[in-house]
Amino acid sequence: MKRNSNSKSTGTSFLEIILSPEVSILVPLLILVAITTAKNPNFLTIKNIQVILRNLVFIGTLAIGQSLVIMCGDIDLSIGTNSTLTGVFFGVALVWWGLGFIPSLLLTIFIGLFIGGVNAFFTNVCKINSWIVTMATKYMCVGMATVITKGYIIPIKDWSNALYEWSRLRPLGGLSWPFFLFFGLIVIGEIAIRFTPIGRKIHAVGLNANAAVLDGINVPKVKAMCQITAGLMGAICGILQVANTNTATNAIGEGNEFPAVISAVIGGVSNTGGKGTMLGVLLGVIMYQTLKNCLQLMGANNNLQLVLLGLILILAVYVDVLKGKISSRARKAVAK
């Protein structure tokens, strides 16, 4: 009897490894790399890999915030235009108001936190569905950004050239400081999710909010914390976008919430909440940016890219459903 129990335990552990987001996303990523390299030898070069890693910073930063909200069972459709509005405020504070770098930076972060706070208030206090709330704030953010800029581009090179130069530096193998900032956020998030009580609470709320309440977890507080953190990630992304282009405009950032969702879901964040790791999110962002790079190298136009990315999102959600069913069957088999 003891031998059978050990055998079942070993089989279950192996299945859990195979179904883990890190492994399940790594296999298709390697296949994608192999196919693209066979068609275009320029893909698997150090220079192109550096380009992929540098470009994933913006979507990746948003994906960190988006993944936390999804883990709680909600969604943030405003995180892309949050980065638009905060980027505009950053440029306006520097150029039009002349506040200086640090005050402008702090104001921008405050705006991002405020947007996350608005989402948290209407979702958790007023009990309005997060889809509705964040869709409303999404349009309000892009509308405000357009009203403030009047559709014009705000050049800020003369006001913050040091920030632009910082974003253009290529330390440690040709990457960028924004990439290392993003990677640092991933490490912090991974530690928080895996090894702290708040990480366990986030997963508990996403799995079953009612059960979490019975366990003494303050569900609105946990959800609000994730939504406000998502607002912070939107502000950081807005600052990085301005640093990258040295301009502030209402045209940057809108629509990036969907690539952030795609990256989170294909990285193993369950679309129903309760599951996910930051390591998986990192791999998901790499997968998304690699796919985008592959399509560009193969000459696919923007419309075809949108079609394929939409299909990938549906496939990722379906795979998540299948993994849930397989895991459930495995647990029942072990129980027997």
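The values are calculated or read from the model by the stated rules, or taken from the named source; none is laboratory data. Just so it is clear, the structure is predicted and the values come from calculations on it, not from any experiment. No Cβ is skipped: glycine too gets one built from the backbone with ideal geometry, and neighbour counts run over all protein chains shown.
Tabulated results
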item: Count of region 141-200 residues which are within 23 Å of the chain's Cα centre (by Cα), at pLDDT below 90 and of a type in the set (S, T, N, Q); result: 1
item: Failed item, numbered, when residue 172 is tested on (1) over 28 Å from residue 271 (Cβ atoms); (2) surrounded by 13 or more Cβ atoms within 10 Å (Cβ to Cβ); (3) among the aliphatic types (A, V, I, L, M); result: (2)
item: Options 242, 222; residue that is over 22 Å from residue 43 (Cα atoms), modelled with pLDDT of 85 or more, assigned to a helix (DSSP H, G or I) and touching a strand residue (DSSP E or B) at 6+ places or on another chain (Cβ under 9 Å); result: 242
item: Residue that is nearest to residue 298 (Cα to Cα), among those in region 44-80 that are hydroxyl-bearing (Ser, Thr, Tyr) and not in a loop (DSSP other than H, G, I, E, B); result: 61
item: Residue tally, condition under 23 Å from residue 88 (Cα atoms), assigned to a helix (DSSP H, G or I) and of a type in the set (Asp, Glu), over region 153-207; result: 1
item: Among residues of region 193-218, those that are free of Cβ contacts under 8 Å to residues at least 24 places away in the same chain and not hydroxyl-bearing (Ser, Thr, Tyr), counted; result: 14
item: Number of positions in region 87-108 that are at pLDDT 95 or above and out of contact with any strand residue (DSSP E or B) (no Cβ under 9 Å at 6 or more places or on another chain); result: 3
item: Residues within region 36-86 that are more than 18 Å from residue 118 (Cα to Cα) and over 12 Å from the mean Cα position of the chain (by Cα), tallied; result: 20
